[in-house]
Amino acid sequence: LEIDTLRQIDEAADEAALEAVRLSALGKKGSISALLATLGKMSPEERKTEGAKINALKDKAMDAIAARRESLAEVALETRLKSETLDMTLPSPASPLERGRVHPISQVTDELAIIFADMGFAVAEGPDIESDDYNFTKLNFPEGHPAREMQDTFFLAPEGGEKRLLRTHTSPVQVRTMLSQKPPIRVICPGRVYRCDFDQTHTPMFHQIECLVIDETTHLGHLKWTLEEFLRSFFEVKGVKLRFRASFFPFTEPSMEVDVQCRRQGGEIRFGEGEGWMEILGCGMVHPNVLRNCGIDPDRYQGFAFGVGVDRLAMLKYGMSDLRAFFDADTRWLEHYGFRP
Ligand code: PHE
């Protein structure tokens, strides 16, 4: 009887089957209840030994039923969870008006990638968490040089003895590209960069696109042409007047800052007219030390590089005035400045 009952409990496929087994063993007319009823006709000694046995059997059956009930409940919950999952990747039934928008940063990054792809540039990427070596040292920032502080760096705890930081510019991707690729090189590197800075035109995280060209005969004229071509396509104007000002970056020689001609009208900025100038990027010819640090022979190759603020370009092209709004995730702002997917 014991073996039979326990087997039936074990084999009960659901709550209802288990309840039927329980009734057939422990119900009023159940097999174990019937055994208990026989105790009344026994002698006191017999009752003692048999009673203990039967009660032990009853306890065992009750325990087994409780255990089985629990495991059935678990299985039931499991199947329910499986059948009730939501597929978050399915398209939403919302009306087109309620659909999300493409953020101006993504939009401008895509526009730039297309413009540069047409000029034969590939896209290269690097990590936001960079080594001090790639962000500074290989780019010819001398140890302890004030230029390192120029960029108000967020440092991280060192890992495996290596100094780490949030990259302050996309220029370390130049290093990564030169270390992994042989010239001729033509890449753009879009990405997030970080500096301790916060006001209407600065956020601690912003976006840059780096451009790097290395070849045997690359010269300053190529840099100027590339800049003019890209700004002309980007701003969709016939001619953009650029102004090159001598500047300093440890990783370029000579170094320049580039301003575009503009007119300021109240809070608005208009391009290609007026007497005003607005700084939009830094550039120069890649410093021979940088080429050497990255295993490229400076006697055979030379190149140019520039780094441009994507957020700045977006503000200029689409007329936003406060950079901080880019990262507030205010849906009204996104609805206004975002692009249709
Ligand atoms: N990395 C520089 C910056 O962030 C910009 C730059 C890039 C300048 C490449 C020259 C060449 O300020």
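Taking R0 as 45 Å, what FRET efficiency do you get between Asp14 and Arg340 from their Cβ-Cβ distance, rounded to the nearest 0.05?
With R0 = 45 Å, the Cβ-Cβ based efficiency is 0.30.
Could you work out how far apart the two model spin labels at Val75 and Phe235 are, taking each label as a point 7 Å from the Cα in the direction of the beta carbon, and quote it in nm?
If labels sit at Val75 and Phe235, their model points lie 7.2 nm apart.
Give me the aspartates and glutamates in straight-line cross-link reach of Lys241: C-alpha distance below 19 Å, same-chain residues under 8 apart excluded.
Glu228, Glu229, Glu257, Asp259, Glu268, Glu273, Glu275, Glu279
Scan the chain and hand back the longest stretch that contains none of the trypsin sites (Lys or Arg not before Pro) lying in DSSP loops with at most 13 other Cβ atoms within 10 Å.
100-237
Give the accessible surface of the stretch 114-247 per residue, rounded to a whole number of Å², with probe radius 1.4 Å and ligands, DNA and RNA excluded.
Dividing the accessible area of the stretch 114-247 by its residue count gives 51 Å².
Quick one: grab the alpha carbon gyration tensor of the stretch 150-244, order the square roots of its eigenvalues as a ≥ b ≥ c, and give me rounded if a/c is under 1.5, else prolate or oblate depending on whether a/b is larger than b/c.
Because a/c hits 1.5 or more and a/b fails to exceed b/c, the stretch 150-244 counts as oblate.
Lysines near Lys41 by alpha-carbon distance under 22 Å, same-chain residues fewer than 8 away left out - which ones?
Lys41 reaches Lys28, Lys29, Lys53, Lys58.
For the stretch 97-168, with all protein chains present and a 1.4 Å probe, just round the carbon and sulfur fraction of the accessible area to a whole percent.
That share works out to 54 percent.
Can you compute the FRET efficiency between Arg99 and Met278 using 1/(1 + (r/R0)^6), with r the Cβ-Cβ distance and R0 = 30 Å? Round to the nearest 0.05.
My answer for the efficiency is 0.30.
Go ahead and run the numbers for FRET between Ile114 and His222, Cβ-Cβ distance against an R0 of 22 Å, rounding to 0.05.
0.60
Which whole-number percent gives the relative contact order of the chain, counting Cα pairs below 8 Å spaced six or more residues apart?
15
For a quick check, take a GNM of the chain with Cα springs below 10 Å and name the residue from Asn289, Asn55, Asn135 with the largest mean-square fluctuation.
Asn55
Which aspartates and glutamates does Lys82 reach when only Cα atoms under 20 Å apart count, and residues fewer than 8 places away in its own chain are ignored?
Leaving aside aspartates and glutamates fewer than 8 places away in the same chain, those within reach of Lys82 are Asp14, Glu15, Glu70, Glu74.
Accessible surface of Thr85 in the full protein assembly, 1.4 angstrom probe, to the nearest 10 Å²?
Here the accessible area works out near 100 Å².
How much accessible area per residue does the stretch 1-79 have, counting only protein heavy atoms and a probe of 1.4 Å, in square angstrom?
69
The values are calculated or read from the model by the stated rules, or taken from the named source; none is laboratory data. Model, not experiment: these values are computed from the prediction. Note that each Cβ is placed from the backbone with ideal geometry, even for glycine, and that neighbours are counted across all protein chains shown. For accessibility, only protein heavy atoms count, side chains too; no ligands or nucleic acids. Shrake-Rupley method; radii C 1.70, N 1.55, O 1.52, S 1.80 Å.
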